[in-house]
Amino acid sequence: MSEIKYGWNGWKMPILHPNDPEFCEYGCPICVPARNGKPVAKWFQKLELAITFGGCWWGRARQRKYGVPPDQKRPG
């Protein structure tokens, strides 16, 4: 499956589609760099996870689809 592109490098969020797990997987400007090891993005992601008690809409949709929280990479 090819990577999905989102506008403005992910900053144009799919607000009308809160159950889009692919946004968290491929487009989120916080989650994608955090999973790739960027320290500043990891800090913001930890803050987001603490404030929202588990992640935003897209992170929760990703967890339902792939079975891993937004701060962890998918197995395989």
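Some points to look at:
- Matching residues in segment 53-73 - criterion: being open to solvent by 100 Å² or more (accessible area, probe 1.4 Å) and in a loop (DSSP other than H, G, I, E, B): F53, K73
- Answer from A34, A41 - the residue that is within 10 Å of the chain's Cα centre (by Cα) and either without any contact (Cβ under 8 Å) to a residue 12 or more places away in the chain or open to solvent by less than 40 Å² (accessible area, probe 1.4 Å) (or both): A34
- When K38, K12, K46 are checked against the criterion of being at pLDDT below 80 and farther than 18 Å from P75 by Cα, a single residue qualifies: K12.
- Qualifying residue in segment 8-15 (condition: part of a helix (DSSP H, G or I), hydrophobic (A, V, I, L, M, F, W, C) and open to solvent by 30 Å² or more (accessible area, probe 1.4 Å)): yes
The values are calculated or read from the model by the stated rules, or taken from the named source; none is laboratory data. This is a predicted model, so every value here is computed, not measured. Cβ coordinates were reconstructed from backbone atoms using ideal geometry, including for glycine residues, and neighbour counts include every protein chain displayed. Please note that ligands, DNA and RNA were not included when accessible areas were found on the heavy atoms of the full protein model with its side chains. Shrake-Rupley method; radii C 1.70, N 1.55, O 1.52, S 1.80 Å.
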